[in-house]
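**Student:** Sharing a structure, written as structure tokens. Questions coming.
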Amino acid sequence: MHIDKFWMPRKRAVQAIIDSGRAFARDAEALKRQFIDHGLPETFIDDLNRAVHDVERAMLDQSVSRGSRAAAIAGFNDTLNEALTLLERFEVSATVFIAAHFVDRKQEFFWDELERILLSPGRLPPRIRIVVASGTFELDLQEIADYPETEQRRYRHWSVLEQKAPTPRQSLYRNFCCFVRDLTPCEREDALSQLRAWASTPADARDSHRTLTSPEVRQLQDGGLIEIGAHTLTHPVLSRLRADEQRLEIAGSREKLEAIVSRPVHSFSYPFGSPDDYTEDTARIVREAGFECACSNFCRRVSSKTHRFHLPRMLVRDWNGREFEERLTACFRA
């Protein structure tokens with residue numbers, strides 16, 4: 001069975017068809033001999049599995065070629081508590097990309113933990129020195145050891161992507177983010193552990209910033225609007241890893257997520273996602289791992305000619321409606 005085009009009146013209905021087809025094929029496998037005895041061809045179950053796959057493939061084709069309403073989201077607790085409600089209200093489908101190692105760990109990603117430690121009001125020790133195998137980060141904080149609550153409130157919407165840092169604390173945050181970002185997963189955890197000890201700060205994650213649990217991941221996909229995608233195991237800069245390390249991160253994330261959601265994981269997103277953060281070898285490894293597409297993190301329009309393993313993805317910050325519209329319009333005009 002081959003499907004060239006597939007029109008989706010509602011993604012929920014299509015997903016129900018796919019789930020039913022999968023369930024029937026799975027149950028029918030045990031009764032394969034009885035089906036053959038009643039005149040069905042021996043290839044019946046394989047043909048059914050291929051048909052289900054063709055429907056899913058057609059859904060992706062339509063999404064790319066027709067520009068249907070879709071979003072790509074990283075997997076945090078607020079994805080479940082806030083984003084899902086909005087997606088359901090406006091019937092917008094989305095792929096939630098999840099770094100599989102962090103599922104059930106209830107911790108914050110490093111950029112959020114650094115914000116909690118370095119950009120919360122209060123006093124930090126006067127000197128910081130963090131040592132890992134590949135380098136050292138050290139700084140005398142001096143007058144910036146104190147961070148007043150007035151400044152914290154004033155600059156709480158500051159983003160690391162902004163060109164200027166409004167205070168030395170934001171400069172400290174940016175510099176330490178750059179240091180931690182390029183570390184290997186083991187070095188990164190070592191650096192964060194040293195930072196927590198230096199600041200006398202526990203590793204407890206804020207509920208609003210923590211990663212998802214396995215039941216929450218399954219809850220996301222159960223409504224039919226959400227596809228679960230892979231985002232490596234530990235969110236490293238893939239271009240800085242050896243090929244075998246990249247394979248472990250990429251294939252391992254798919255394997256772990258499929259065990260959680262009990263269905264195939266087809267989509268992948270490169271951590272950080274700039275052209276410097278992954279290579280053509282990375283894209284090849286993603287394809288060899290069984291994925292059907294991969295998202296980057298640079299803003300471009302999507303067309304039927306867009307490479308499936310270099311799909312653009314627009315990074316959205318905490319913008320108001322007008323700024324979001326302006327940036328989205330600029331992206332479509334690029």
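Derivation of every value follows stated rules applied to the coordinates shown; laboratory data play no part. Source: prediction; values computed, not measured. Quick reminder, even Gly has a Cβ in these numbers, built from the backbone with ideal geometry, and neighbours come from all protein chains shown.
**Student:** Residues with amide H under 5 Å of Thr95's amide H, sequence separation 5 or more or different chain, H placed in the peptide plane at 1.01 Å from N; which?
**Tutor:** So Thr95 has HN proximity to Ala71, Ala72, Ile73, Glu227.
**Student:** Karplus couplings for the range 221-234 from phi (6.51 cos²θ - 1.76 cosθ + 1.60, θ = phi - 60°), rounded to Hz, Gly and Pro as x?
**Tutor:** After applying 6.51 cos²θ - 1.76 cosθ + 1.60, I find 7, 5, x, x, 8, 9, 9, 8, x, 9, 9, 6, 7, 10 Hz.
**Student:** Of all trypsin sites (Lys or Arg not before Pro) in the range 209-308, which ones are in loop regions per DSSP and have a Cβ with at most 10 other Cβ atoms within 10 Å?
**Tutor:** Arg242, Lys305
**Student:** Further question: How charged is the neighbourhood of Arg105? Take every other residue with its Cβ under 13 Å from the Cβ of Arg105, and add Lys/Arg as +1 and Asp/Glu as -1.
**Tutor:** My count for the surroundings of Arg105 gives -3.
**Student:** Compute, for the range 110-199, the length of the dipole vector about the Cα centre, with Cβ point charges of +1 (Lys, Arg) and -1 (Asp, Glu) only. Units Debye, rounded to 20.
**Tutor:** In debye, rounded to 20, the range 110-199 gives about 220.
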